[in-house]
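Undergrad: Structure incoming, see below.
The values are calculated or read from the model by the stated rules, or taken from the named source; none is laboratory data. Note that the structure is predicted; figures quoted are calculated from it, not measured. All Cβ positions, glycine included, derive from the backbone under ideal geometry; neighbour counts span all protein chains shown.
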Amino acid sequence: MGTMHHDYTLTFACYNQLDYTQQFIASLRRDEVDFSRVVAVDNGSSDGTRQWLQTQGFGQVILNSRNLGCGVAWNQGALAIQSKWTIVMNNDVVCAKGWLRSLLQAAEDHQLQIASPAMVEGELNYDLEDWAQKASEKMRGYCRHGAPHAVCMAIREDVWSEIGYFLPIPKLLGYEDSIFFQRASENKLRTATVADAWLHHYGMTTQKALKLERKMQERDSLGDRNLMKVYMGQSWWGRKLMKSRANRLAVTSRSHEITNFGRTVHALNKEGAEVWAWL
């Protein structure tokens, strides 16, 4: 492949979990990612992550003295190197080769303002490259409209002007994306998950580590639900209606994708490479 011509910044936040971050960065090295366009934001790690990040040749490394939450970190990354596209990512992912080029090209082709890659969640005990190649060929050009996700999202620069940045409130701890996507929906922004680009997501590893650190149960919520409801500015009925619409979209999209492609843009690897759940 030739040189990527898209104007982009790629940013991610991390809190400990160095092994996942190293796998993630290794997958970026296998691809065509320009590390001078990468902004790493550390939220007060104590496991050697901070030192390791500073040896990778990124465009910028931002070291926060404590965990300021995703919203603050994502904003720091987006503002540090401003580009037409800002790709905001989790650090517990492994990217298939060519994912970034395919993601941005699909976003441009479909005139999307927020675009996410398709993904598989769970254990990485299958051949991601083979999966991604076959899935992208079979589903080429397909988008699940109105369904971006916060594991990875490419955000076009006009979005910041239209709906603002992420709420920089540490107590939200995980609800920043829900509020951001709600604002995007209310302002009728063009959003989608695209089937041309794929990645693997291990699944909420940082949140699990924080819960363990705070002696919380798996079912407990890290973020302040009441604070989230205040900033969403919706009544109980409004939130219920929004959730119902999202569920209907997921069911309709899943049925269409399975019928036409034999798979969906969101898969869960439940028990190994032969047992999949379609989300």
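Undergrad: Return the residue satisfying two criteria in turn: it lies in segment 81-101 and is of a type in the set (D, E, K, R) and touching a helix residue (DSSP H, G or I) at 6+ places or on another chain (Cβ under 7 Å), and of such residues it is surrounded by the most Cβ atoms within 10 Å (Cβ to Cβ).
TA: Here the answer is Asp92.
Undergrad: Between a first residue in segment 16-32 that is within 17 Å of Val61 (Cα to Cα) and a second residue that is part of a helix (DSSP H, G or I) and among the aliphatic types (A, V, I, L, M), which pairs have beta carbons less than 8 Å apart while being 6 or more apart in sequence or on different chains?
TA: Within 8 Å, the pairs are Asn16/Ala209; Gln17/Ala209; Thr21/Leu53.
Undergrad: Which residue is nearest to Leu128 (Cα to Cα), if the candidates are limited to segment 165-198 and must be in contact with a Leu (Cβ under 8 Å, 6 or more places away or on another chain), modelled with pLDDT under 95 and assigned to a loop (DSSP other than H, G, I, E, B)?
TA: Gly174
Undergrad: For the list (1) without any contact (Cβ under 8 Å) to a residue 40 or more places away in the chain; (2) surrounded by fewer than 17 Cβ atoms within 10 Å (Cβ to Cβ), I need the number of the one condition that Asp7 fails.
TA: (1)
Undergrad: A further question follows. Quick check on my filter: what residues within segment 135-157 are within 13 Å of Ala78 (Cβ to Cβ) and in contact with a Lys or Arg (Cβ under 9 Å, 6 or more places away or on another chain)? Steps first, please.
TA: Looking only at segment 135-157, we keep the residues that are within 13 Å of Ala78 (Cβ to Cβ), and these are 153-157.
Residues satisfying the conditions are Arg156, Glu157.
Undergrad: Continuing with this model, one more query. Taking segment 102-130, which residues are surrounded by 20 or more Cβ atoms within 10 Å (Cβ to Cβ) and part of a helix (DSSP H, G or I)?
TA: Ser102, Leu103, Leu104, Ala106, Ala107 - these are the residues of segment 102-130 that are surrounded by 20 or more Cβ atoms within 10 Å (Cβ to Cβ) and part of a helix (DSSP H, G or I).
Undergrad: Looking only at segment 140-164, count how many residues are part of a strand (DSSP E or B) and surrounded by fewer than 19 Cβ atoms within 10 Å (Cβ to Cβ). Spell out the reasoning first.
TA: Step one: of segment 140-164, the residues part of a strand (DSSP E or B) are 143-145, 152-156.
Retained after the next criterion (residues that are surrounded by fewer than 19 Cβ atoms within 10 Å (Cβ to Cβ)): 145.
Residues in segment 140-164 being part of a strand (DSSP E or B) and surrounded by fewer than 19 Cβ atoms within 10 Å (Cβ to Cβ): 1 in total.
Undergrad: Please state which one of Val159, Val120 is within 17 Å of Asp92 (Cβ to Cβ) and among the hydrophobic types (A, V, I, L, M, F, W, C).
TA: Every option except Val120 fails the conditions.
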